[in-house]
Amino acid sequence: MEARGGSSLRRVLVLAFCVAGIWSAYIYQGVLQETLSTKRFGADGKRFEQLAFLNLAQSVVCLIWSYIMIKIWSTGSGGAPWWSYWSPGITNTIGPAMGIEALKYISYPAQVLAKSSKMIPVMFMGCLVYGVSYTVPEYLCTFLVAGGVSTFALLKTSSKTINKLAHPNAPIGYGLCFLNLAFDGFTNATQDSLTARYPKTSAWDIMLGMNLWGTIYNLIYMFGWPHGIGYEAIEFCKQHPEAAWDILLYCLCGAVGQNFIFLTISRFGSLANTTITTTRKFVSIVVSSVLSGNPLSAKQWGCVAMVFSGLSYQIYLKWRKLQKLQKKRKPM
């Protein structure tokens, strides 16, 4: 009995450690992302316009990090070959870059809300392309999320928030976010296909393969010609070392956050990870509103509540489905 109690306590402590790790890494990364997209650096007051460069920097850091982790923890081979990630690598390069570029046009809370509506294109493509049927509660979740995001987009943004944006333009910003979701959908589907074909593929293998191709594609795009944005980004960092430091911290937060996500999934499953990351997004909006000076109106907070009610209900539906599956597996 005592041993079981000690094991339960250890499990709770590990879960608390995972929650703290994911929240701290990604909330701080969000603060850095917002800082890099809105702050004016140096005496000349210049903005860091080359936001897509963050995608390259993140790919390089995660590539190095995953290689080190494989060397330390890997016990064997048999995973998907490195060349098989070339196609999801393309969408994984374009998608996140669009999400980051959206911060030039819409506020960080708006971007987080828009990117939280991943279920909408998934269900749309499922119905349209694959003929998948969904339950009424699943449609209710989608309605809450879609309604919250669209109403938030239609409400007037405060002048203080608009003044911080490089090029305020809501249709372009939201359009980039939804394209980001569409590319992410293809990336996730291809990754699932690879892990099904190569069951011994580890999370570190996926991280290495994806970031290897992401680094290659980004290097070609940013340094493939004399006036590529990579050269501009490096020159900006030379002139404004503070921005270079923020970029490094941004990348390290992403790499550390990935570690905690992998640990959470391996110990507690994907449902626990979804719950933690969903609540993290809500906290990120609160942090952005309170600390970063992006005030939200009462109606906008209502939209935020609407979106996260839909996401929370979706998590509950997944939990209930998981409970039913576990009951069926139990021997009679």
May I ask you to list the residues in the stretch 47-64 that are open to solvent by 20 Å² or more (accessible area, probe 1.4 Å), over 19 Å from Phe236 (Cβ atoms) and in contact with a Leu (Cβ under 9 Å, 6 or more places away or on another chain)? Leu63
Of the numbered conditions (1) in a helix (DSSP H, G or I); (2) open to solvent by 50 Å² or more (accessible area, probe 1.4 Å); (3) closer than 25 Å to Ser107 by Cα, Lys327 fails exactly one; give the number of that condition. (3)
Exactly one of these conditions fails for Val283: (1) open to solvent by less than 30 Å² (accessible area, probe 1.4 Å); (2) of a type in the set (Val, Ile, Thr); (3) touching a residue at least 60 places away in the same chain (Cβ under 8 Å). Give me its number. (1)
Of the residues Ser297, Ser289, which is in contact with a helix residue (DSSP H, G or I) (Cβ under 7 Å, 6 or more places away or on another chain) and within 28 Å of Val145 (Cβ to Cβ)? Ser289
Looking at (1) under 30 Å from Pro81 (Cβ atoms); (2) in contact (Cβ under 8 Å) with a residue 40 or more places away in the chain, find the lone condition where Gly228 falls short. (2)
Restricting to the stretch 247-266, name every residue that is touching a helix residue (DSSP H, G or I) at 6+ places or on another chain (Cβ under 7 Å) and surrounded by fewer than 17 Cβ atoms within 10 Å (Cβ to Cβ). Leu249, Ile265
Report yes if some residue within the stretch 83-103 is over 30 Å from Ala196 (Cβ atoms), in contact with a Gly (Cβ under 6 Å, 6 or more places away or on another chain) and modelled with pLDDT of 90 or more; otherwise report no. yes
Scanning for something among the acidic types (Asp, Glu), over 30 Å from Ser297 (Cα atoms) and touching a strand residue (DSSP E or B) at 6+ places or on another chain (Cβ under 7 Å), does the stretch 225-242 turn up at least one residue? yes
What residue, of Ile90, Ile120, is touching a helix residue (DSSP H, G or I) at 6+ places or on another chain (Cβ under 9 Å), open to solvent by 20 Å² or more (accessible area, probe 1.4 Å) and under 18 Å from Thr190 (Cα atoms)? Ile90
I'd like to check something: does the stretch 267-276 contain any residue that is open to solvent by 70 Å² or more (accessible area, probe 1.4 Å), free of Cβ contacts under 8 Å to residues at least 60 places away in the same chain and among the hydroxyl-bearing types (Ser, Thr, Tyr)? yes
Within the stretch 180-201, considering residues that are part of a helix (DSSP H, G or I) and of a type in the set (S, T, N, Q), the one surrounded by the most Cβ atoms within 10 Å (Cβ to Cβ): Asn180
Would you be able to tell me the number of residues in the stretch 309-332 that are free of Cβ contacts under 8 Å to residues at least 40 places away in the same chain and within 30 Å of Thr38 (Cβ to Cβ)? 1
Considering every residue within the stretch 234-246, establish whether at least one is in contact (Cβ under 8 Å) with a residue 12 or more places away in the chain and under 20 Å from the mean Cα position of the chain (by Cα). yes
Restricting to the stretch 204-246, name every residue that is more than 14 Å from Leu51 (Cα to Cα), in a helix (DSSP H, G or I), open to solvent by 50 Å² or more (accessible area, probe 1.4 Å) and not hydrophobic (A, V, I, L, M, F, W, C). Tyr217, Lys238, Gln239, Pro241, Glu242
Please go through the stretch 124-161 and give me each residue that is open to solvent by less than 20 Å² (accessible area, probe 1.4 Å) and free of Cβ contacts under 8 Å to residues at least 24 places away in the same chain, ordered by number. Gly126
Do we have any residue at all in the stretch 260-283 that's under 24 Å from Leu165 (Cβ atoms), of a type in the set (A, V, I, L, M, F, W, C) and touching a Phe, Trp or Tyr at 6+ places or on another chain (Cβ under 9 Å)? yes
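The values are calculated or read from the model by the stated rules, or taken from the named source; none is laboratory data. Keep in mind that what you see is a predicted model, and the values were worked out from it rather than measured. Note that each Cβ is placed from the backbone with ideal geometry, even for glycine, and that neighbours are counted across all protein chains shown. Heavy atoms of the whole protein, side chains included, go into the accessibility calculation; ligands, DNA and RNA do not. Shrake-Rupley method; radii C 1.70, N 1.55, O 1.52, S 1.80 Å.
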